[in-house]
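Engineer: Before we start, here is the structure in question, set down as structure tokens.
The values are calculated or read from the model by the stated rules, or taken from the named source; none is laboratory data. This is a predicted model, so every value here is computed, not measured. Remember, those area values only see protein heavy atoms, side chains included, never the ligands or the DNA or RNA. Shrake-Rupley method; radii C 1.70, N 1.55, O 1.52, S 1.80 Å.
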Amino acid sequence: MRGRHADAYSMYKRGTRDYINAYDKEQVRSLNGVSKEIGNPSWKRSFLYILVASLASFLYGYHLGVINETLESISNDLHFNGNTMAEGSIAMNLGGGFLGSTFSGLIVDRVGFRRAFQLCALPMIIGSSMSATAKNLWGMLLGRLFVGTGMGLGPTLATLYVTEVSPAYVRGTYGSFTQIATSLGLMSSLLIGFPAKETEGWWRICFWVSAVPAALLALFMEFSPESPHWLFKKGRAADAEAAFEKLLGGPYVKGAMAELSKSERGGEAETVKLSELLFGHHRKVVFIGSTLFALQQLSGINSVFFFSSTVFKSAGVSSQSANICVGIANFLGSFAALLLMDKLGRKVLLIGSFSGMVVAMGLQAASASSLVSSSNEVYLSVGGMLLFVLAFSVGAGPVPSLLLSEMFPGRIRAKAMSVCLASHWVVNFFVGLLFLRLLEQIGPLVLNTIFATFCLVAVIFVKRNVLETKGKSLQEIEITLLPPE
């Protein structure tokens, strides 16, 4: 019995290699000749699937901000008002986020993107329901743990899927859709949360609402194509062809398959070990990715999204007005990133973004100093915070995920992204958990100065370590930036 299975497997692998070699012989003609004759594929064919995948980012943004307006009501109803550690834990839901992020690469490699998105939606539906019906702090924490698991999965899946199904000439633009979806989710949670302080129990409605887009994500993914990269890596070349035809159109299938065959070897995917990512050939790019995500969180951005109501209230500004402005600034910056990503490039946006964040945090720090009059303090504080959000959403928000999903080779892409995003969630956890406590103990001047310093470090780090990927196909990036040993 074992012999027959071995023979069958050998025939399968020989067939896959023959299939690849047939494409390899036509690579030059397909890539250089055909592409020049017929131009770029239509962006419209993949557009709807990008929107569906962006629902995961919308949910991430919604759950990122749902606590902002509702935290006071939740803490009063569940009897932990004034406990800053409990409030920080509720806001961050990072235990689940870390778990979801850590295992996202393994899940994608095993079941593919479509099923992984559906698995991402499931804990969000369960967790939202648990949060909406919570009777005490522990019930809320358990619900947020489930939601956090989906939040950990969502950004990784959305970024990788968009990267692998988008035509190269609009990949940066499509990559910005995930950030726009995040900002729309954030704005939606703020708008829906406005009645929470006046209407008893309204915060429960805010959690119930989030189950709707999660259910839509699970449903629409049933009709979306699988990533052709994942299919080809699994030895399903015919299915990869069908996916490319759905995403790009018939005339582009042969060229896309030829290019894919340069770096992927269908049916021969090896298990990627953690030691290979941390200490092997790709350790440098994994280090760059992990550091970028860590600096992204050490900039203090999520302290703005989670606790802007608390900060504005202490400055004497209406939380509703302030949060509307934060949401608008985030959306405008995300829209600017969509327009500029494929024109200026990833590296330029990152440097400009972190530089603007240094200035913005400097303004917020200055507002807390004794040199500024009380009349000007509010303008500097609020203006600095809005400028900070705007600068972040132009580059530091959308670029790292897209850039790294482009730079990682297909064989390690999913697992390498999960390792890098794990650093994001770890740093995110400690920043969110300690922000209110540090704000009380060391004050806004010192705290904002620390955040500004990390933004400056990020500018230097990007200049020295980040490579440009604008306009290149995933296979070109792998060959030119990460040549084989």
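Engineer: Which sequence of E222, E241 reflects their accessible areas, 1.4 Å probe, from the largest down? All intermediate terms of the calculation are to be shown ahead of the outcome.
Structural biologist: Values: E222 80, E241 55 Å².
From most exposed to least exposed: E222, E241.
Engineer: Keeping every protein chain present and rolling a 1.4 Å probe, give me the accessible area per residue for segment 178-220 in Å². If you can, show how the numbers build up before the last one.
Structural biologist: Working: 1790 Å² over 43 residues.
Result: 42 Å² per residue.
Engineer: Could you tell me, in Å, what Rg and Dmax come out for the Cα atoms of segment 42-224?
Structural biologist: Looking at segment 42-224, its Cα Rg and Dmax stand at 16.5, 55 Å.
Engineer: Taking amide hydrogens as modeled 1.01 Å from N in the peptide plane, which residues meet the under 5 Å criterion relative to K470, leaving out close sequence neighbours?
Structural biologist: Sorted by chain and number, the residues that satisfy this are R346.
Engineer: For segment 123-139, just list the computed ³J(HN,Hα) in residue order, Karplus coefficients 6.51, -1.76 and 1.60, θ = phi - 60°, integers in Hz, with x standing in for Gly and Pro.
Structural biologist: Along segment 123-139, the couplings run x, 5, 5, 5, x, 4, 5, 5, 5, 5, 10, 4, 9, 8, 4, 5, x Hz.
Engineer: Can you pull the accessible area of D109 for me, 1.4 Å probe, Å² to the nearest 10?
Structural biologist: 20
Engineer: Return the tail of the calculated pair distribution for segment 360-448, meaning the percent of Cα-Cα pairs more than 23 Å apart. Intermediate values should be presented prior to the final figure.
Structural biologist: On the way: 1699 of 3916 pairs.
Every Cα pair in segment 360-448 considered, those over 23 Å come to 43 percent.
Engineer: How much of the accessible area of segment 42-224, in percent, comes from carbon and sulfur atoms when a 1.4 Å probe is used?
Structural biologist: Working: 4350 of 6280 Å².
Carbon and sulfur atoms account for 69 percent of the accessible area of segment 42-224.
Engineer: Something else about it: Volume per residue, Å³, of the convex hull around the alpha-carbon atoms of segment 152-258?
Structural biologist: Values: hull volume 12.0 nm³, N = 107.
Residue-normalised Cα hull volume stands at 112 Å³.
Engineer: Listed here are the pairs K284/K470; K284/K472; K197/K343; which of them are more than 32 Å apart at the Cα? If you can, show how the numbers build up before the last one.
Structural biologist: Values: K284/K470 20 Å; K284/K472 20 Å; K197/K343 44 Å.
From K284/K470; K284/K472; K197/K343, over 32 Å: K197/K343.
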